[in-house]
Amino acid sequence: MRELKLKAMAKINLGLDVLRRREDGYHDLRMIMQTVWLYDRITIARAEAPGISVRTNLSYLPTGQDNLVYRAAQLLMDEFLLKEGLHIELQKHIPVAAGLAGGSSDAAAVLVGVNRMFELGLSQEELMKRAVKIGADVPYCVMRGTALAEGIGEKLTRLPDAPDLHVVLAKPPVHVSTGFVYGNLRADALGSHPDIDAQVQAIRDGDARGMAELMGNVLETVTIPACPVIAELKAQMMRTGAVNAMMSGSGPTVFGLFDDGERARQACEELSRGDLARNVFLTKFFHNRKREKETAAG
Ligand code: ATP
C-alpha cells in the first residue's frame, strides 16, 4: 500500500471533573469522552527520500517534530526501524487549540495508519499503550466512541454508545492554552463537582435528557472568567432550545446538545450570523459501529 487516507475525528467532553492535583503537576481527572463527526483529513504516503515530511493547509502550524503527526510517525518508525520515507498531508478542519483534541486525534490517526500501511501487526490496545507517550488524550483518540477516561485521561473504560442528540459546536475568536487553564485551577477549592457516575448510568440507560442535564465541566471555573464570551455562547445555545450547553475540554469551544434537529439547525444559523463565534458546526456523535463502514481507515 503506497497511500492511505484517514479521518482524525474531534472529541467533546460530556462531563469533566478534576479530582486533585498530583505531585508531578498533572491532575487526576474523570471525564466522559465522546467522538463527534468533525474531522481533519490526513493522507500518509510512502516517499522515496528517507525521513518524515509534513505538509498542512494551516501555515502557522509546525511541520517538524512539534507537530503531533510527526511525533506519532516517528515513534513507530523508530521502534520498527522503518527505513522508508513517509509523507504526511494534513488538512485541518478541527479548530486548533479549541478543546476538541484536534492534535491528539491527528496523532492517533497516524499511529493507526502507519501500523496498517507497514503491516506492523499492533492491536488497538498495543497502539494505545504507545499513544500515551504522545499525549494523555491520544489513547482515547485511537479508541474513539463513548468512554470514561480516568487518571490523566489515559485509563479508559468503553461505555455503550451515548444516546444520539444533535450537536452544535461554536468556537469563539479567543485563545486559551490548556496549560493556563490547569495552571490556574484550584482543584482543592472547587465548590461543586459534576456527578460523573450518574452520567455514566444515564448513558447506560440510554437516557439522553438525563445525560445532557448531568453535564458539567469544572474547567469552566477558570476559562469563563478569562473568556466571558463562553458564557454568552452557552446562554445563546440555551435560548435557542439546547437541552444543555457546556465548554469542551479546557475550551474555548462551546457545544450545545439538541433533541430537535430543526432547532439545532436554527441555532447553528443564528450563531453563524452573529459575532460571538468564529467557527460553527452542526454535527452528531460518532459511534464505533459505524467506523468500519464509513471511514476510509482508522
Ligand atoms: P486538547 O483538547 O487536547 O487540549 P486542543 O484542541 O486544545 O486539544 P490542539 O488543536 O490539539 O489543541 O493543539 C494545540 C497546540 O498543539 C497548537 O498550539 C499547535 O501548535 C500544536 N499542534 C501540534 N500538532 C498539531 C496538530 N496536528 N494539529 C493542531 N495543533 C497541533
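The values are calculated or read from the model by the stated rules, or taken from the named source; none is laboratory data. Quick caveat: nothing in here was measured; it's all calculated off a predicted structure. We place every Cβ from the backbone using ideal geometry, glycine too, and count neighbours over all the protein chains shown.
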- Item | Residue count, the stretch 51-108 (criterion: closer than 29 Å to N217 by Cα, more than 8 Å from the ligand (Cβ to nearest atom) and assigned to a loop (DSSP other than H, G, I, E, B)) | 1
- Task: Might you let me know whether the stretch 33-43 holds any residue that is of a type in the set (A, V, I, L, M), closer than 30 Å to L165 by Cα, in the same structural domain as A98 (by TED's automatic domain parsing) and away from the ligand (no atom under 12 Å from the Cβ)?
- Result: yes
- Item | Only one of Y26, Y39 that is closer than 21 Å to S250 by Cα, touching a His at 6+ places or on another chain (Cβ under 7 Å) and aromatic (F, W, Y) | Y39
- Message: I'd like to check something: does the stretch 159-179 contain any residue that is in contact with a strand residue (DSSP E or B) (Cβ under 8 Å, 6 or more places away or on another chain), crowded, with 18+ Cβ neighbours inside 10 Å and more than 26 Å from L282 (Cβ to Cβ)?
- Response: no
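Per-residue answers, yes or no, for (1) at pLDDT below 95; (2) polar (S, T, N, Q); (3) assigned to a helix (DSSP H, G or I); (4) touching a Phe, Trp or Tyr at 6+ places or on another chain (Cβ under 6 Å):
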| position | (1), (2), (3), (4) |
| --- | --- |
| Q199 | no, yes, yes, no |
| M211 | no, no, yes, no |
| V222 | no, no, yes, no |
| Q236 | no, yes, yes, no |
| A245 | no, no, no, no |
| E292 | yes, no, yes, no |
- Note on the structure: Being surrounded by fewer than 20 Cβ atoms within 10 Å (Cβ to Cβ) and either more than 10 Å from the ligand (Cβ to nearest atom) or at pLDDT below 95 (or both) narrows R30, R22 down to just R22
